[in-house]
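Derivation of every value follows stated rules applied to the coordinates shown; laboratory data play no part. Just so we're clear, the structure is a prediction, and the values are computed from it rather than from any experiment. Using ideal geometry, Cβ is built from the backbone for each residue, glycine included, and neighbour counts are taken over all protein chains shown.
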Amino acid sequence: MTPEILLALLAATVQAGTPILYATLGEILTEKGGILNLGVEGMMLVGALIGFLTALHTGSPVLAFVAGGLGGACMAALHGIVCIWFMGNQVVSGLALTIFGTGLAGFFGTPYIGRTAPGFDKFSLPLLGDIPVLGTIFFQQDALVYFSFLIPPLLWAFFRYTRWGMAIRAAGECPAATRAAGLNVLAYRWGALLGGGVLVGFGGSYLSLAYTHLWTNGLTSGRGWIAVALVIFAFWKPSRAMIGAYLFGGIMAFQLRLQAMGTALPSSILLMLPYILTIAALAFSSWRSERTHAPAALGVNMEPSE
Amino acid sequence: MLQISTVRRQEPLGWGSCLVFFAALALAFTVSGVLLVMQDKPPFTALWLLVYSAFGSSYALEDCLIKAVPIFLCSLGVGLTFRLQIWNIGAEGQFALGAIGATWAALTFPGWPWYTLLPTMLLCASLTGSLWGAIPAVLRLKLRANEIIVTLMLNYVGILVLDYLVYGIWKDPGSFGFPMTSEFVPAAVVARIGDTRLNWGLALCLAVGVLMSVFLRSTRLGYELRACGENVRAARYARMPYAKLVILVMAVSGALAGWAGFLEASATLGRLQPSIMSGYGYTAIVVAWLANLNPFVIAVSSFLLAGLRVGMESLQLDLQIPAAFGAIMEGLILLAVLAGGFFSRYQLHLRRTR
């Protein structure tokens, strides 16, 4: 493998990892507030479709990206209505959301299969893009990749230094004590859920706006579930989410490259790689960690007060 | 001013929960209708056609029963794991592995008579299916790996294994390049009942369903299972074999989904091909939850959701509504019923405050 090919592969890694990164960060935000949302796969698909349709009809990629995020938030709101208001089971509601979202994307997207829409193109950042090696890998990408670099540090600072971030963490760790301290637990949970929904929607619209520029059925192909697994792998830390997302981006880029080069391995075996790696990463990180890093009240609904 | 407060019910709601259930269904149908309008499809015609073409003729009812068989088997297993609060959403992959196991037997021993070949196929399907179910259980117990994600990832892997086989070493040389195995010998096909289109798989379902109810009600293991499901911590404290139960239940669940795969390959298709995967494993999750994990209600719900699939085929043909609409309805029904569960557990009190 020559250095040029390796550099191209690493740059492709960052691109393939970006949608997973958005989705993982979104799920981290949601789960920190104590809400387990397994609907990521469905939310990403809806975000991807809404982003694509907006780009197609308005011609504005930026507007489309924002619309994709809002689409994710709308789906998250459904989960909130079922779980926060009506105290339904969070696991089942998330599964239902995935089934529903997959259906929505197929139902409204079928007429558009194969159509292309304006999206984001790659450009080299001034100065940073000229750095050898690192510049080629990280700073000759599209605007959405650069935007995704900003979110992990922001999210980290948000949880660590802001009043809202700490309140969300408290709502996820010990809702009863949080309520006793006079904070509105459900409001913070709603905030975390909707904010996470926006990020997951961003991840979906990255797929249709920058990764493919084109609509196909089943665009996400399990990336939403990989994101859910990465939250555990990342110990709910935004910085580790970045490592995990690029690890999976690497596997996906590598497998595409192998297919393009034409190996003796059948494509179905290559396509298995990310899924098997997910299981391995999950098993490894669960086994290695002494304690569970999950928010203590994750997935537990808050009983109404008298 | 009026103030609303929520209070946990002391008495179960009883028949009222039926009312809640139908209200939830009505809500799901209404939202589906709105979505149809957004796509310029006639909502009332479509929903009427959906119900009528599913349950309106004996031919359609037969179709419903045929499709209910795999859903019922998958969902019985899924329901069993849900009882233990183990979230097995891998019925889809276990179904694929079951079909693969059965196909292996059918292709390897084509000379055998049906009375040895069919049981061998069933056994192989149980082995491969339960293997696929036991992997997540072991990973969960030994390494604390989250079973939701492992079962789901194994779905993708299982379907790709199936693809690998039918595109590769099992491809029928006479299939003109289509990804499918050669047709099973007649001895490997589960026979039909009389001159109906139903096959003896239906009888298998009946037997399994009855056995499962008896097992849950009248055996020690069944009792332990229900106890663990009610309260895992208390059951562990009472020294119930939680780990053993988890592996057992996941293996049984995998075997049942595997049987569904076996029946689908043998009786419905007569060979293995990628179109065997039509999402029965995911529908099974909806069914298991709707049925509150009770075997008899699972049978009824399987039949109804099979009806949704049969009706969808007419909607596709007559109104060009994409098949994904079926998934929309499944998701909506599940969401609405989940939210409706609130009213069976809680009461709303209105109080006048000054």
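Points to keep in mind about this one:
- Here the Gaussian network model covers chain A, with springs between Cα atoms less than 10 Å apart; of A:Thr13, A:Thr54, A:Thr110, A:Thr110 fluctuates the most.
- Principal semi-axes in Å for the range A:3-288 [√(5λ), Cα gyration tensor, largest first]: 30, 22, 19
- Couplings 3J(HN,Hα) for the range B:202-215, derived from phi with the Karplus relation 6.51 cos²θ - 1.76 cosθ + 1.60 (θ = phi - 60°), are 4, 5, 4, 4, 4, 4, 4, x, 5, 4, 5, 4, 4, 4 Hz, where x marks Gly and Pro.
- Rounded tilt (10° steps) of A:163-173 against the dominant C-alpha axis of chain A: 80
- Ellipsoid semi-axes in whole angstrom, largest first, where each is sqrt(5λ) of the Cα gyration tensor of the range B:58-306: 31, 21, 15
- For chain B, the longest principal axis of the Cα atoms and the long axis of helix B:43-55 meet at an angle of about 50 degrees.
- Each residue of the range A:3-15 was assigned a 3J(HN,Hα) from its phi angle through the Karplus curve 6.51 cos²θ - 1.76 cosθ + 1.60 (θ = phi - 60°); the sequence is x, 5, 5, 4, 4, 4, 5, 5, 5, 5, 4, 4, 5 Hz, with glycine and proline shown as x.
- Proximity of backbone amide H atoms, modeled 1.01 Å from N, is registered between B:Gln347 and B:Val7, B:Arg8, B:Arg9 at under 5 Å, excluding neighbours fewer than 5 places apart on the same chain.
- Listed residues B:Leu131, B:Leu143, B:Val157: farthest to the positive end of the dipole of the range B:58-306 (Cβ charges): B:Leu143
- Spacing of the modelled spin labels on B:Ser57 and B:Asp40, each 7 Å from Cα toward Cβ, amounts to 3.0 nm.
- Relative to the Cα centre, the charge distribution of the range A:3-288, modelled as +1 at Lys and Arg Cβ and -1 at Asp and Glu Cβ, gives a dipole magnitude of about 560 debye.
- Crossing angle, helix A:40-58 versus chain A [Cα axis fit, 0-90 degrees, rounded to tens]: 60
- Among B:Leu73, B:Leu61, B:Trp48 - extreme Cα towards positive end, dipole of the range B:1-75, charges at beta-carbon: B:Leu73
- Proxy reagent accessibility, fewest Cβ within 10 Å first, across B:Phe176, A:Phe149, A:Phe86: B:Phe176, A:Phe149, A:Phe86
- Computed over the protein assembly as shown, Kirkwood Rh from alpha-carbon pairs, angstrom: 25.9
- Whole-Hz Karplus values for the range A:133-149 come out as 6, 4, x, 5, 6, 9, 10, 10, 10, 8, 4, 5, 5, 4, 4, 5, 5 Hz, taken residue by residue from phi with 6.51 cos²θ - 1.76 cosθ + 1.60 and θ = phi - 60°; glycine and proline positions read x.
- For the range B:58-306, size of Cβ-based charge dipole, Lys and Arg +1, Asp and Glu -1, in debye: 1020
- Principal axis dimensions, the range B:147-290 - Cα atoms, whole angstrom, descending: 61, 39, 26
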